[in-house]
Amino acid sequence: MNCPLCNAGSSRSLVTKKRTFFVCDSCCFIWADPRSYLDDTAERLRYGLHNNDRTNAGYVQFITQILDRGLQRWKTLHHIDEPSVDAEAHFPLILDWGSGPNPVATELLRERNFQVSSYDPIYGPQLPLNHQSFDIIFCIEVAEHFKNPLQDFNAMVRYLKPGGLLVVHTHTIPQDVFYAQALAKASAKASAKASALEAFFQSWWYKEDPTHVSFYSEQAFKNLAQINKLYYEKTEKPGDKGAGKLHFFIKA
């Protein structure tokens with residue numbers, strides 16, 4: 001099966017107790033077998049189990065931290081703190097992509113007086129008009145649900161202004177497990193060695209949600225950035241609790 005990101009045809013499978021996944025060794029992307037996708041009714045029922053609304057203080061704090069980091073990167077990118085910058089630049093147009101049944105990010109941003117549009121393919125609202133574009137797009141815990149990730153990233157980029165910032169929050173696969181696998185393959189004792197990637201993936205809680213179907217690595221995001229002519233920034237820093245989760249893409 002060809003990789004849905006880079007179209008490489010050398011994918012292999014990872015079989016778990018509940019589902020089968022495919023691995024692209026070229027761009028280090030993993031995706032679920034489409035035959036295991038939930039139908040619309042089952043997907044809605046699964047989303048209904050999440051307690052992602054304003055009554056959940058922990059969730060609100062989680063979203064607030066992501067918004068703060070995204071807005072700070074925007075300010076740094078466009079030198080907003082400099083006195084000479086037009087005051088209107090402090091309030092970029094924002095799109096909340098995949099806002100869900102309870103658009104917490106949208107509500108929090110509007111309370112700060114930002115002009116925000118929401119989009120969710122299941123719960124609505126629908127996509128903005130084609131001529132609209134945005135300075136910042138937040139895609140928070142949504143990219144792992146993309147059944148056509150290349151198409152979805154292309155769509156987000158179309159709505160992003162030149163110089164705009166795409167903020168993606170999703171748990172990612174450590175790049176080193178792919179490198180370890182490559183080293184094992186090159187070894188004469190490869191057959192006796194356990195796959196670092198398989199060991200990681202079998203125990204990774206993130207794959208257990210049946211609505212999670214796309215899993216990215218740093219290399220996969222670099223490939224997406226190259227395809228869409230974006231600059232990719234890895235935000236991971238030593239001791240960063242959000243390491244491997246928050247990713248910035250900047251449109252030229």
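Expressed as an acute angle from 0 to 90° and rounded to the nearest 10, what is the orientation of the C-alpha long axis of helix 175-186 relative to the principal long axis of the chain? For 175-186 against the chain, the angle is about 20 degrees. Antiparallel versus total DSSP beta bridges in region 5-131: what percent is that, nearest 5? The antiparallel fraction comes to roughly 65 percent.
Take every Cα pair under 8 Å whose residues are at least 6 apart in sequence, average their separation, divide by the length of the chain, and the relative contact order is 19 percent. What is the distance, in nm, between label points placed 7 Å from the Cα along the Cα-to-Cβ direction at residue 79 and at residue 59? Once both label points are built, they end up 4.1 nm from each other. Here each label is just a point 7 Å from Cα along the line to Cβ, and for residue 45 and residue 234 those points are 4.0 nm apart.
Cysteines in the chain lacking any other cysteine Cβ under 4.7 Å from their own Cβ: 28, 139. Using the alpha-carbon atoms, what tilt in degrees (0 to 90, nearest 10) does helix 218-227 show relative to the longest principal axis of the chain? It works out to around 60 degrees.
Taking the DSSP beta bridges with both ends in the chain, the antiparallel portion is around 60 percent. Toward the positive end of the charge dipole of the chain, with +1 on the Cβ of Lys and Arg and -1 on the Cβ of Asp and Glu, the farthest Cα among 224, 21, 123 is that of 21.
Kindly rank 195-208, 105-118 from highest to lowest mean number of other beta carbons found within 10 Å of each residue.
Ranking the peptides 195-208, 105-118 by packing returns 105-118, 195-208.
Residue separation of residue 151 and residue 202 scaled by 0.36 nm, minus their Cα-Cα distance, works out to 15.6 nm of gained length. Multiplying each eigenvalue of the alpha-carbon gyration tensor of the chain by 5 and taking the square root yields semi-axes of 33, 21, 17 Å, largest first, rounded to whole angstroms.
Pairs from the table (18/229; 75/229; 17/234; 17/229; 18/161) lying more than 29 angstrom apart at Cα are 18/229; 17/234; 17/229; 18/161.
Here, each number is a calculation from the coordinates, and none is a lab measurement. As the structure is a prediction and not an experimental result, all values here were calculated from the model. So basically every Cβ, Gly included, is an ideal-geometry build from the backbone, and we count neighbours across all protein chains shown.
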